[in-house]
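Student: The structure that follows is given in the form of C-alpha coordinates.
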Amino acid sequence: MDAAQANADRWSALAEVHEHWLFDPSQAAYKTSPQIQEGLQSLRLKIPKHIARVWWQISRGVQGRTKGSWLALFDANQRNALQLQKYLHDSQTTFPVLSGPVLSVRWLDLVHRVGGVELTGWESLRVPLTKELETEAQLFEVSEKEVHPVFVCALQVWKQACQKGKDIACGLTDCPRN
(Lines give C-alpha, C1' and ligand atoms only; values in the text may rest on other atoms or scores of the structure.)
Protein backbone atom coordinates (compact mmCIF):
# COMPACT_ATOMS: atom_id res chain seq x y z
CA MET A 1 0.00 0.00 0.00
CA ASP A 2 1.37 3.43 -0.87
CA ALA A 3 1.97 6.16 1.68
CA ALA A 4 -0.88 8.39 0.50
CA GLN A 5 -3.44 5.61 0.85
CA ALA A 6 -2.00 4.58 4.21
CA ASN A 7 -2.29 8.19 5.39
CA ALA A 8 -5.88 8.45 4.14
CA ASP A 9 -6.71 5.17 5.90
CA ARG A 10 -5.09 6.43 9.11
CA TRP A 11 -7.02 9.70 8.97
CA SER A 12 -10.29 7.83 8.38
CA ALA A 13 -9.57 5.57 11.35
CA LEU A 14 -8.78 8.61 13.48
CA ALA A 15 -12.01 10.35 12.46
CA GLU A 16 -13.97 7.37 13.80
CA VAL A 17 -12.57 7.85 17.33
CA HIS A 18 -12.59 11.65 17.43
CA GLU A 19 -13.82 11.90 21.04
CA HIS A 20 -10.74 10.17 22.52
CA TRP A 21 -8.44 12.35 24.69
CA LEU A 22 -5.76 12.03 22.02
CA PHE A 23 -7.77 14.43 19.86
CA ASP A 24 -7.96 17.08 22.55
CA PRO A 25 -4.62 18.92 22.44
CA SER A 26 -5.35 20.47 25.83
CA GLN A 27 -5.19 16.94 27.29
CA ALA A 28 -2.65 15.30 24.99
CA ALA A 29 -0.15 18.14 25.49
CA TYR A 30 0.27 17.13 29.13
CA LYS A 31 0.84 13.45 28.45
CA THR A 32 4.23 11.88 27.81
CA SER A 33 5.22 10.37 24.47
CA PRO A 34 4.87 6.84 25.94
CA GLN A 35 1.36 7.71 27.15
CA ILE A 36 0.51 9.00 23.69
CA GLN A 37 1.86 5.74 22.22
CA GLU A 38 -0.28 3.73 24.65
CA GLY A 39 -3.32 5.79 23.67
CA LEU A 40 -2.68 5.18 19.98
CA GLN A 41 -2.22 1.46 20.62
CA SER A 42 -5.40 1.28 22.71
CA LEU A 43 -7.29 2.55 19.66
CA ARG A 44 -5.62 -0.15 17.55
CA LEU A 45 -4.25 2.45 15.17
CA LYS A 46 -1.43 1.22 12.97
CA ILE A 47 0.82 4.22 13.35
CA PRO A 48 4.64 4.13 13.44
CA LYS A 49 6.12 4.58 16.92
CA HIS A 50 7.78 7.91 16.14
CA ILE A 51 4.35 9.44 15.54
CA ALA A 52 3.70 9.50 19.31
CA ARG A 53 6.44 12.11 19.73
CA VAL A 54 5.18 14.08 16.70
CA TRP A 55 1.63 13.93 18.09
CA TRP A 56 2.86 15.25 21.43
CA GLN A 57 4.80 18.10 19.77
CA ILE A 58 1.80 19.17 17.72
CA SER A 59 -0.49 18.96 20.76
CA ARG A 60 1.92 21.14 22.74
CA GLY A 61 2.00 23.66 19.90
CA VAL A 62 -1.79 23.89 19.67
CA GLN A 63 -2.10 24.09 23.45
CA GLY A 64 0.49 26.84 23.63
CA ARG A 65 -0.80 28.91 20.71
CA THR A 66 -4.58 28.50 20.95
CA LYS A 67 -5.26 26.89 24.35
CA GLY A 68 -5.70 23.50 22.69
CA SER A 69 -8.29 24.54 20.13
CA TRP A 70 -7.79 23.55 16.51
CA LEU A 71 -10.81 25.64 15.57
CA ALA A 72 -9.25 28.71 17.19
CA LEU A 73 -6.11 28.07 15.14
CA PHE A 74 -8.16 27.82 11.95
CA ASP A 75 -10.25 30.86 12.87
CA ALA A 76 -7.17 32.96 13.73
CA ASN A 77 -6.14 32.36 10.12
CA GLN A 78 -9.62 33.08 8.68
CA ARG A 79 -9.93 29.39 7.78
CA ASN A 80 -7.80 30.18 4.76
CA ALA A 81 -5.62 27.24 3.65
CA LEU A 82 -2.85 29.42 2.20
CA GLN A 83 -2.77 31.65 5.27
CA LEU A 84 -2.66 28.56 7.50
CA GLN A 85 0.20 27.15 5.44
CA LYS A 86 2.14 30.40 5.85
CA TYR A 87 1.37 30.43 9.59
CA LEU A 88 2.70 26.88 9.96
CA HIS A 89 5.79 27.75 7.91
CA ASP A 90 6.42 30.82 10.06
CA SER A 91 5.96 28.69 13.21
CA GLN A 92 8.67 26.09 12.56
CA THR A 93 9.81 25.96 16.18
CA THR A 94 6.24 25.34 17.39
CA PHE A 95 5.17 23.03 14.57
CA PRO A 96 8.41 21.47 13.26
CA VAL A 97 6.62 18.68 11.41
CA LEU A 98 3.60 20.56 10.07
CA SER A 99 5.70 23.51 8.89
CA GLY A 100 7.22 21.69 5.90
CA PRO A 101 6.01 22.65 2.41
CA VAL A 102 4.78 19.15 1.50
CA LEU A 103 3.42 17.96 4.83
CA SER A 104 1.60 21.23 5.54
CA VAL A 105 -0.23 20.98 2.19
CA ARG A 106 -1.11 17.32 2.64
CA TRP A 107 -2.29 17.95 6.21
CA LEU A 108 -4.44 20.93 5.20
CA ASP A 109 -5.89 18.87 2.36
CA LEU A 110 -6.87 16.11 4.80
CA VAL A 111 -8.25 18.60 7.32
CA HIS A 112 -10.46 20.00 4.55
CA ARG A 113 -11.48 16.83 2.69
CA VAL A 114 -11.50 14.19 5.44
CA GLY A 115 -11.95 16.36 8.52
CA GLY A 116 -14.71 18.40 6.93
CA VAL A 117 -13.24 21.77 7.97
CA GLU A 118 -14.17 24.29 5.30
CA LEU A 119 -10.98 26.06 4.23
CA THR A 120 -11.02 28.83 1.66
CA GLY A 121 -8.13 28.79 -0.77
CA TRP A 122 -7.92 24.99 -0.49
CA GLU A 123 -8.11 24.70 -4.26
CA SER A 124 -4.92 26.80 -4.52
CA LEU A 125 -2.77 24.45 -2.43
CA ARG A 126 0.16 22.99 -4.36
CA VAL A 127 2.63 20.23 -3.62
CA PRO A 128 5.75 19.43 -5.67
CA LEU A 129 5.66 16.20 -7.64
CA THR A 130 8.37 13.64 -7.08
CA LYS A 131 10.42 12.75 -10.18
CA GLU A 132 8.52 9.47 -10.44
CA LEU A 133 5.11 11.14 -10.25
CA GLU A 134 6.26 13.84 -12.65
CA THR A 135 6.74 11.09 -15.27
CA GLU A 136 3.30 9.66 -14.47
CA ALA A 137 1.71 13.12 -14.72
CA GLN A 138 3.16 13.59 -18.19
CA LEU A 139 1.13 10.56 -19.34
CA PHE A 140 -1.93 12.73 -18.59
CA GLU A 141 -0.35 15.72 -20.36
CA VAL A 142 0.27 17.51 -17.06
CA SER A 143 3.61 19.27 -17.19
CA GLU A 144 3.42 21.33 -14.00
CA LYS A 145 5.99 20.55 -11.32
CA GLU A 146 3.58 21.48 -8.51
CA VAL A 147 -0.02 20.26 -8.42
CA HIS A 148 -2.97 20.07 -6.07
CA PRO A 149 -2.65 17.28 -3.47
CA VAL A 150 -5.81 15.59 -4.78
CA PHE A 151 -4.07 15.14 -8.15
CA VAL A 152 -1.11 13.52 -6.38
CA CYS A 153 -3.49 11.08 -4.68
CA ALA A 154 -5.21 10.36 -8.01
CA LEU A 155 -1.86 9.64 -9.68
CA GLN A 156 -0.89 7.28 -6.88
CA VAL A 157 -4.21 5.44 -7.04
CA TRP A 158 -3.99 5.20 -10.86
CA LYS A 159 -0.45 3.85 -10.68
CA GLN A 160 -1.38 1.30 -8.03
CA ALA A 161 -4.47 0.15 -9.95
CA CYS A 162 -2.58 -0.01 -13.24
CA GLN A 163 0.19 -2.10 -11.67
CA LYS A 164 -2.30 -4.56 -10.18
CA GLY A 165 -3.93 -5.25 -13.55
CA LYS A 166 -1.12 -7.41 -14.90
CA ASP A 167 -3.12 -8.79 -17.81
CA ILE A 168 -4.98 -5.65 -18.84
CA ALA A 169 -4.07 -2.08 -19.68
CA CYS A 170 -5.67 0.81 -17.81
CA GLY A 171 -7.11 2.36 -20.96
CA LEU A 172 -4.74 5.32 -21.13
CA THR A 173 -3.53 5.75 -24.71
CA ASP A 174 0.14 6.02 -23.72
CA CYS A 175 -0.05 3.53 -20.86
CA PRO A 176 3.37 1.91 -20.36
CA ARG A 177 1.58 -1.48 -20.23
CA ASN A 178 0.24 -1.12 -23.82
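The values are calculated or read from the model by the stated rules, or taken from the named source; none is laboratory data. These numbers were taken from a predicted model, which means no experiment stands behind them. As a convention, Cβ positions derive from the backbone with ideal geometry for all residues, glycine included, and neighbour counts pool all protein chains shown.
Student: Check whether at least one residue in the stretch 122-136 is within 16 Å of the chain's Cα centre (by Cα), surrounded by fewer than 16 Cβ atoms within 10 Å (Cβ to Cβ), closer than 28 Å to residue 34 by Cα and in contact (Cβ under 8 Å) with a residue 24 or more places away in the chain, and report yes or no.
Tutor: Checked against the condition, which is being within 16 Å of the chain's Cα centre (by Cα), surrounded by fewer than 16 Cβ atoms within 10 Å (Cβ to Cβ), closer than 28 Å to residue 34 by Cα and in contact (Cβ under 8 Å) with a residue 24 or more places away in the chain, the stretch 122-136 yields no hits at all.
Student: For the subset of the stretch 112-128 comprising residues that are assigned to a helix (DSSP H, G or I) and in contact with a helix residue (DSSP H, G or I) (Cβ under 8 Å, 6 or more places away or on another chain), which member is farthest from residue 87 (Cα to Cα)?
Tutor: Restricting to residues being assigned to a helix (DSSP H, G or I) and in contact with a helix residue (DSSP H, G or I) (Cβ under 8 Å, 6 or more places away or on another chain), the top hit is 113.
Student: Something else about it: Can you pull out every residue in the stretch 26-64 that is touching a residue at least 12 places away in the same chain (Cβ under 8 Å) and among the β-branched types (Val, Ile, Thr)?
Tutor: 32, 36, 47, 54, 58, 62
Student: Having 2 or more residues that are modelled with pLDDT under 90 and of a type in the set (Gly, Ala, Ser) is the bar; report the helices (runs of 4 or more DSSP H) wholly within the stretch 1-64 that clear it. Steps first, please.
Tutor: Details: elements: 3-16, 25-28, 33-42.
Hits in the stretch 1-64: 3-16.
Student: In the stretch 160-172, is there at least one residue being over 30 Å from residue 87 (Cβ atoms), at pLDDT below 85 and touching a helix residue (DSSP H, G or I) at 6+ places or on another chain (Cβ under 7 Å)?
Tutor: Looking for residues that are over 30 Å from residue 87 (Cβ atoms), at pLDDT below 85 and touching a helix residue (DSSP H, G or I) at 6+ places or on another chain (Cβ under 7 Å), one finds at least one in the stretch 160-172, hence yes.
Student: Another question, then. Taking the stretch 88-120, which residues are touching a Leu at 6+ places or on another chain (Cβ under 8 Å) and of a type in the set (Ser, Thr, Tyr)?
Tutor: The answer is 99, 104.
Student: Turning to a different aspect of this structure: So, in the stretch 65-84, how many residues would count as being assigned to a loop (DSSP other than H, G, I, E, B) and either aromatic (Phe, Trp, Tyr) or more than 21 Å from residue 19 (Cα to Cα) (or both)?
Tutor: So the count comes out to 3.
Student: Out of 86, 67, which single residue is of a type outside the set (Phe, Trp, Tyr), under 27 Å from residue 32 (Cα atoms) and more than 14 Å from the chain's Cα centre (by Cα)?
Tutor: Details: 86 fails: under 27 Å from residue 32 (Cα atoms).
Of the residues listed, the single one that is of a type outside the set (Phe, Trp, Tyr), under 27 Å from residue 32 (Cα atoms) and more than 14 Å from the chain's Cα centre (by Cα) is 67.
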